[in-house]
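Input: a single structure, listed below in structure tokens.
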Amino acid sequence: MVDDRALGALDDVILSARTLFPDLEFLAPGGVLELAVRRHGVERIRVELPPGQFLHLQGIGVDAPDDGRTARARVEVSSWYKSYGERFDLQRLLDFEHPTGTVVHTGADEPAWLELVFDSPIDIERLRLRNVDGPTAVRARGLRVLVQTGGTWLVAYDHAARAGELRRLLTHRTELGGDPTITALLPLLAQTFEGAYADARQALDAHTEISTADRSAFRAAVTSGLLADRELEWTVHGPQRCFRFWDETEKVTYVEFAAKVAEALASLTPQVCFGFGAALCVVRDGDLIPHDDDLDIIIGFDPHEAGTLGEGLALVEQCLRPLGYTVTGNFTAHRQVRRNGSKQVDVFVGLFEGDTISWYPGTRGALDRDLMFPASEGRLLGVPVPLPRNPLVYLERLYGEGWRHPDPNFKHTWDRATYADLTRPGRG
């Protein structure tokens, strides 16, 4: 068990790393990267990302003795995403002190880049970049800034190199009292600093020898010491932009989207409603759960409609894709549904076995038809949404008697083996 002394040392390490590597805070929404670039005769400034990523920017600040020449610059990009090129305004980009939203948004190019080109060489004293103010800020991972002088490109900043320096520093930290659990988790801390959130989550999951309590303590320390300032929280799903960081307009728009997905699925079967945490939102919280990060819809099929989970998932895809929804994922019993870049809604498929039904990862056979359908109706943030017929009993069977008390560390059993026969062709 990690003791308070080791956790306190971890807090100190996080604070020290933030002090030594302030440039990594550029990955936060609206993050600023400040570079002392004292160069004479600069012809171009280039900002680029690793291949396959979108480049987003709110602003570029160029501190130069002759500001007039800066104003006469022009911008070249690898590409423009949708209509961003038509709306581009150089003055918005260069007005660093007054951010006005995303100004530059390229495609996911090989690589994506922007160049600020001066009509005649200028002297530069400082460069500042402002990241976009939203969840896509993390796409700046791997960013490089270069300046061209006399036809030669010089690297002014390399995010990957800085992340490597931090990894080496954390690997050799010894002032954690020799606590083996914290020592094992320091590489994950480095991944989190550099924005490799999915890798950090997978690495934590792989440490099966670490207790649930120690995982929770580590996640809480990293969240409070680093991630909260990036509008992220390390949940059981990894570092996520949880609902506590959403404004009311975002939340209502998302609930409306989820309700429309449920309405579209009702053309397949009336046996569809909000489930899992989405039902908790309506019944217990009256709001999106602060530590949660998505909404879930559950849909039930009778045997003559779908004989396996795969067949049910195929029906979901065939229903939603012609309506303009993007349906992705290769999960056992659910798909992720988006539209026009929205946050995804998870749609879980269940199969009736007589009068019983269940949705993985819930306990198989724990629910029945009369409990679930026909669906009832509730309201979430003023939006009408479908619910299980008896949502109180549904939540108790799913989460136990303590469902009325929020539990950020709750995890389903994820016992895939009990659902194995529902995934095989020719079932029944």
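General remarks:
- The range 78-124 versus the range 5-49: alpha-carbon centroid distance in Å: 21 Å
- Over 22 Å [Cα-Cα, the range 249-392], rounded percent: 32 percent
- Carbon/sulfur fraction of accessible area - the chain, other protein chains in place, 1.4 Å, %: 49 percent
- Here the range 110-150 is treated with +1 on each Lys and Arg Cβ and -1 on each Asp and Glu Cβ, and its dipole about the Cα centre works out to around 300 debye.
- Farthest toward the positive end of the dipole of the range 272-428, out of Gln344, His291, Thr423, is the Cα of Gln344, where the dipole comes from beta carbon charges about the Cα centre.
- Acute angle (nearest 10 degrees) that the helix 180-193 long axis makes with the longest principal axis of the chain, alpha-carbon atoms: 70 degrees
- With each label modelled as a point 7 angstrom along the Cα→C-beta vector, the Val155-Asp287 pair spans 4.6 nm.
- Per residue accessible area in Å² of the range 359-418, where ligands, DNA and RNA are left out and the probe is 1.4 Å: 57 Å²
- Between helix 309-320 and the chain: long-axis angle, C-alpha atoms, 0 to 90°, nearest 10: 60 degrees
- If R0 equals 60 Å, the separation of the Cβ atoms of Ser16 and Thr356 corresponds to a calculated FRET efficiency of about 0.65.
- The magnitude of the dipole of the range 30-125, with charges of +1 and -1 set on the Cβ of Lys/Arg and Asp/Glu and taken from the Cα centre, is near 160 debye.
- Computed from the Cβ-Cβ distance with R0 of 35 Å, the FRET efficiency linking Arg126 to Thr249 stands at 0.45.
- Quick note on the range 307-379: its Rg to Rh ratio, both from C-alpha atoms and Rh being the Kirkwood radius, is 1.00.
- Local electrostatic count at Phe373 - Lys and Arg +1, Asp and Glu -1, tallied over other residues with Cβ under 12 Å: -2
- Label sites at His237 and Ser83, each approximated as a point 7 angstrom past Cα along Cα to Cβ, lie 3.1 nm apart.
- Every Cα-Cα pair of the range 47-189 was included, and the share exceeding 25 Å stands at 38 percent.
- Förster radius 35 Å - calculated FRET efficiency between Ser211 and Ala420 (Cβ-Cβ, nearest 0.05): 0.75
- Summarising the overall dimensions of the range 1-45 from its C-alpha atoms, the Rg and Dmax are 17.4, 58 angstrom.
- Over the chain, volume per residue of the alpha carbon convex hull, in Å³: 159 Å³
- Mean-position separation - Cα centroids, the range 351-388 and the range 154-174, in angstrom: 49 Å
- Exposure check, 1.4 Å probe, all protein chains in place: Val252 carries approximately 40 Å² of accessible surface.
- Solvent exposure of the range 46-170 amounts to 45 Å² per residue of accessible area, where only protein heavy atoms count and the probe is 1.4 Å.
- Mean ellipticity per residue at 222 nm, deg cm²/dmol - from DSSP H runs of n ≥ 4 across the chain, formula -39500 (n - 2.57): -9000 deg cm²/dmol
The values are calculated or read from the model by the stated rules, or taken from the named source; none is laboratory data. No experiment lies behind these values; they were computed from the predicted model shown. Methodologically, a virtual Cβ is constructed for each residue, glycine included, from the backbone with ideal geometry; neighbour enumeration extends over all protein chains shown. The area values use the complete protein model at the heavy-atom level, side chains included, leaving out ligands, DNA and RNA. Shrake-Rupley method; radii C 1.70, N 1.55, O 1.52, S 1.80 Å.
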